[in-house]
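Colleague: Before I ask anything, let me first share the structure, which is written out below as structure tokens.
Quick note: the coordinates plus some simple rules give every number you see, no bench work behind them. What you see is a predicted model; the values in this text were computed from it and never measured. Ideal geometry is used to build each Cβ from the backbone, glycine not excepted, and the neighbour counts take in all protein chains shown.
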Amino acid sequence: MTALPRSPDFRLENRRALVTGGSRGIGFAAAVALARAGAQVWLVARQAAQLREAAELAATDGLILHTVALDITDTAQVADTLAGLPDFDILVNSAGLARHQPFLEVSEENYDAVMALNLRATFFLSQQVTRRMKQRQIAGSVIHISSQMGHVGGPDRSVYCASKFALEGLTKTMALELGEAGIRVNTLCPTFIETELSRENLASPAFSRYVLDNIKLKRLGTLEDVMGPVVFLASSASALITGASLMVDGGWTAT
């Protein structure tokens with residue numbers, strides 16, 4: 001051996017990141033993690049008030065998060081808004097929706113709402129951002145926040161699972177088509193994470209028992225469990241990883 005291998009670089013200075021669904025939960029945690037790693041971060045969400053609260057909370061730790069109030073299901077509004085923003089090196093698609101019902105009871109309204117946000121909005125926003133990455137010769141990283149439910153089924157989750165399985169397929173095709181431009185595309189697939197939105201379901205003893213019986217590490221996920229993987233996939237430490245699914249599921253899908 002003639003030289004020591006260089007250690008991977010997890011720092012993100014001089015890189016810009018766009019995070020959808022960034023005002024709370026996993027999206028906010030991802031934004032904070034990227035900002036702490038040195039990236040300039042723009043948060044996207046529908047509610048301006050929630051965005052302000054998120055930015056103010058981040059500021060207590062000395063972090064600057066730029067905010068963009070935007071309904072990403074409106075493709076025309078997305079195009080107009082992105083035209084006024086800088087180029088991005090990192091895109092984290094965290095905006096998502098879950099409306100759980102037994103398969104035989106799923107309404108068209110709920111089906112359309114989940115698919116519109118989880119798949120269609122993600123598809124066309126990613127198209128806009130990666131088109132500019134390719135035009136500007138930016139070797140970017142796209143991270144779709146998928147789910148373990150993009151790899152297994154779950155009771156009352158037919159639409160949610162369908163949207164996440166579709167997202168996994170989209171990721172692989174994006175990786176194939178954008179790889180030559182140096183753009184990497186991966187999914188991050190968490191298990192059940194303790195957030196404000198998940199507390200109601202997890203408050204059910206039967207549901208909580210179902211979840212913990214399937215997580216081999218016998219604990220729920222936390223927002224902190226997602227932050228490291230986001231930085232890893234955004235950074236050059238994962239430079240040869242594309243078209244992959246990074247499972248953050250405590251072993252749920254191991255069997």
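Colleague: What number, in percent, do you get for the relative contact order of the chain if the mean sequence gap of Cα pairs under 8 Å and at least 6 apart is divided by its residue count?
Modeller: Averaging sequence separation for qualifying contacts and normalising by length gives 20 percent for the chain.
Colleague: May I pose another question? Under the rule a/c < 1.5 gives rounded, and otherwise a/b versus b/c splits prolate from oblate, where does the range 49-142 land using the Cα gyration tensor?
Modeller: oblate
Colleague: Turning to a different aspect of this structure: Return the single residue from 181, 203, 29 with maximal mean-square fluctuation; model: Gaussian network over the chain, springs between Cα atoms under 10 Å.
Modeller: Maximum fluctuation in the GNM of the chain, among the listed residues, is at 203.
Colleague: Through the Karplus equation 6.51 cos²θ - 1.76 cosθ + 1.60, θ set to phi - 60°, convert the phi angles of the range 128-138 into ³J(HN,Hα) values in whole Hz; use x for Gly and Pro.
Modeller: 4, 5, 6, 4, 5, 4, 5, 4, 8, 6, 9
Colleague: Could you work out how far apart the two model spin labels at residue 11 and residue 198 are, taking each label as a point 7 Å from the Cα in the direction of the beta carbon, and quote it in nm?
Modeller: 3.3
Colleague: If I build a Gaussian network model for the chain, linking alpha-carbon pairs within less than 10 angstrom, which residue out of 198, 146, 238 has the largest mean-square fluctuation?
Modeller: Of 198, 146, 238, the Gaussian network model singles out 198 as fluctuating most.
Colleague: With each run of n ≥ 4 DSSP H residues scored as -39500 (n - 2.57), what mean residue ellipticity at 222 nm is computed for the chain after dividing by its residue count and rounding to the nearest 500 deg cm²/dmol?
Modeller: Mean residue ellipticity, 222 nm, calculated: -12000 deg cm²/dmol.
Colleague: Compute the angle between helix 48-59 and the longest alpha-carbon principal axis of the chain, please, reported from 0 to 90 degrees and rounded to the nearest 10.
Modeller: 60
Colleague: Exactly which GluC sites (Glu not before Pro) in the range 186-255 are in a DSSP loop and have at most 12 other Cβ atoms within 10 Å?
Modeller: Loop-located and lightly packed - 196.
Colleague: Under 8 Å for C-alpha pairs, at least 6 residues apart: give me the relative contact order for the range 1-152, rounded to a whole percent.
Modeller: Dividing the mean separation by the residue count of the range 1-152 yields 22 percent.
Colleague: Determine, at each q value in 0.19 (inverse angstroms), the log₁₀ of I(q)/I(0) that the Debye formula gives when each Cα of the range 94-204 is one equal point scatterer.
Modeller: -0.98
Colleague: Highest GNM mean-square fluctuation, the chain, Cα pairs closer than 10 Å: which of 169, 84, 62?
Modeller: Of the options given, 84 has the highest mean-square fluctuation.
Colleague: Extending each Cα 7 Å along its Cβ direction at residue 100 and residue 217, get the distance between those two points in nm, one decimal.
Modeller: A separation of 2.0 nm, rounded to one decimal place.
Colleague: Express in nm, to one decimal, how much length is gained between residue 79 and residue 209 on full extension, taking 0.36 nm for each residue of separation and deducting their alpha carbon distance.
Modeller: 42.4 nm
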